[in-house]
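**Q** Take this structure, written in structure tokens, and hold onto it; I'll ask about it next.
We did not get these values from a lab; they are worked out from the coordinates using the rules stated. Worth saying up front: this structure is predicted, and the values here are computed from it rather than measured. Here the Cβ positions follow ideal geometry from the backbone for every residue, glycine too, while neighbour counts run over all protein chains shown.
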């Protein structure tokens, strides 16, 4: 574990501003804020306040993610200065390795077949 100074420096340097993340996404996707406020059952000005804040409660981020079918939590998690592999990533990596081995085996079989056929 690092010193408090190192940890504070890491937190200050890369901390994502969730309001900015939301504002950018809303703009790119042309999100209707009034419709979103109805989906979340919050007053319309709350959506404006969300994008003005640099932090939000986890529940709020979760609910916005579900309403918009976009994983803001994972998006911010990718910015963490910590190496982490999810269970899904591990499973996919194992699947890739299995398929690579199968491909190698098939390439060997193809090579043998070509040698037999004389091509």
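**Q** For the pair residue 46 and residue 100, what calculated FRET efficiency results from E = 1/(1 + (r/R0)^6), where r is the Cβ-Cβ distance and R0 = 41 Å, to the nearest 0.05?
**A** E(calc), rounded to 0.05, equals 0.25.
**Q** Using R₀ = 35 Å, calculate the FRET efficiency as 1/(1 + (r/R₀)^6) where r is the Cβ-Cβ separation of residue 63 and residue 91; round to 0.05.
**A** For residue 63 and residue 91, the calculated efficiency is 0.80.
**Q** Here are a few candidate values for Cα Rg over 2.2 N^0.38 Å: [x] 1.74; [y] 1.51; [z] 1.03. Which one was actually calculated from the structure I just gave you?
**A** Derived directly from the coordinates: [x].
**Q** Follow-up question, since we're still on this one. Considering only 17, 107, 32, give the residue with the highest GNM mean-square fluctuation for the chain, with springs between Cα atoms whenever their separation is below 10 Å.
**A** With Cα springs under 10 Å in the chain, the top fluctuation among 17, 107, 32 is at 107.
**Q** OK, next. Report, in whole Å, the centroid distance computed from the Cα atoms of region 29-73 and region 77-98.
**A** What the calculation gives is 27 Å, centre to centre.
**Q** Mind checking which of 105, 27, 79 has the largest fluctuation in a GNM of the chain, springs on alpha carbons under 10 Å?
**A** 105
**Q** Give the relative contact order (percent, whole number) for the chain; include only Cα pairs under 8 Å separated by 6+ residues.
**A** In percent, rounded to a whole number, it is 24.
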